[in-house]
Structure formats: structure tokens, C-alpha cells
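Shown next, in C-alpha cells, is the structure this report addresses.
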């Protein structure tokens, strides 16, 4: 990896919507590695409330299965609020009904967790392009 990529995400704000603390840490660490400012919401309700209070993010990494409000309902609600940010679903489920339902809620993309460095870099590059 070339050294130029380490600040490729400078100025980007990402919300990691995830109830699992290990996954939160992994995703935050990867984002920070590329200069991205990362914040965590522990469930979909927190993500929606952040947006209602005026917070804005370039990208949301949205877990599917969370307490209080899952990723499907949170994504749907954010889109209804007019959130135009890229929302990428992150799930432990492979392709199928679960993923289709999640995509239909308004995701831009759905990926398997945990995300690796190459995947995070690809998402950042899409945002800065």
C-alpha cells in the first residue's frame, strides 16, 4: 500500500452504526487509518436521532441486526428524512432474502462484515471521486 492513501479520506465523516463493540473498533480503526473522522451509533435509533439533531455524514456503515432499531428500519427512516448520504449495509448474512430486504430499504450497497482495509478504501475512494 502506498503512503499516499493514508489521508485519502481526510475531511470525510462516517457513522458506524453497529452494536457489536469489536466490529465498532475494527471499522473505526480502519477508517481512521485513512484519515476519516468516525463516530459510532450503537443502534439504528441513535443513528436516526443524530440526523434529526442535524448531524451529517458522508457515509453510514449500517449493521443489519441491532437492538432498539435494526438496520432495515433505520435505513428506511433515514431515507424518509431525506438523508442522501451513502448508506452501506454491513451484515453477516450472505446474498438472499435478508440482503434483498435490506437493499430495498434504501442502501447503496450491502457488504459482508467485518469490512477489510481494501473494502473500506474502495468506499472512501467512491466518496472522494
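Some notes on this structure:
- Members of region 75-95 that are in contact (Cβ under 8 Å) with a residue 12 or more places away in the chain and part of a loop (DSSP other than H, G, I, E, B): 81, 83, 85, 92, 93, 94
- Residue selected from region 23-44 under the condition assigned to a helix (DSSP H, G or I) and touching a residue at least 24 places away in the same chain (Cβ under 8 Å), by the criterion nearest to residue 91 (Cα to Cα): 23
- Matching residues in region 86-95 - criterion: being more than 10 Å from the chain's Cα centre (by Cα) and closer than 18 Å to residue 14 by Cα: 91
- Just one residue in the set 61, 78 is under 23 Å from residue 5 (Cβ atoms) and crowded, with 18+ Cβ neighbours inside 10 Å; that residue is 61.
- Test: residue in region 4-21 that is outside any loop (DSSP other than H, G, I, E, B), surrounded by fewer than 14 Cβ atoms within 10 Å (Cβ to Cβ) and at pLDDT 95 or above: yes
- Hits in region 51-74 - residues which are farther than 24 Å from residue 124 by Cβ, in a loop (DSSP other than H, G, I, E, B) and touching a residue at least 24 places away in the same chain (Cβ under 8 Å): 65, 67, 68, 69, 70
- Residue in region 96-116 that is assigned to a strand (DSSP E or B), surrounded by 19 or more Cβ atoms within 10 Å (Cβ to Cβ), without any contact (Cβ under 8 Å) to a residue 60 or more places away in the chain and under 11 Å from the mean Cα position of the chain (by Cα) present: yes
The values are calculated or read from the model by the stated rules, or taken from the named source; none is laboratory data. Bear in mind the structure is a predicted one, so any value in this text is a computation, not a measurement. As a convention, Cβ positions derive from the backbone with ideal geometry for all residues, glycine included, and neighbour counts pool all protein chains shown.
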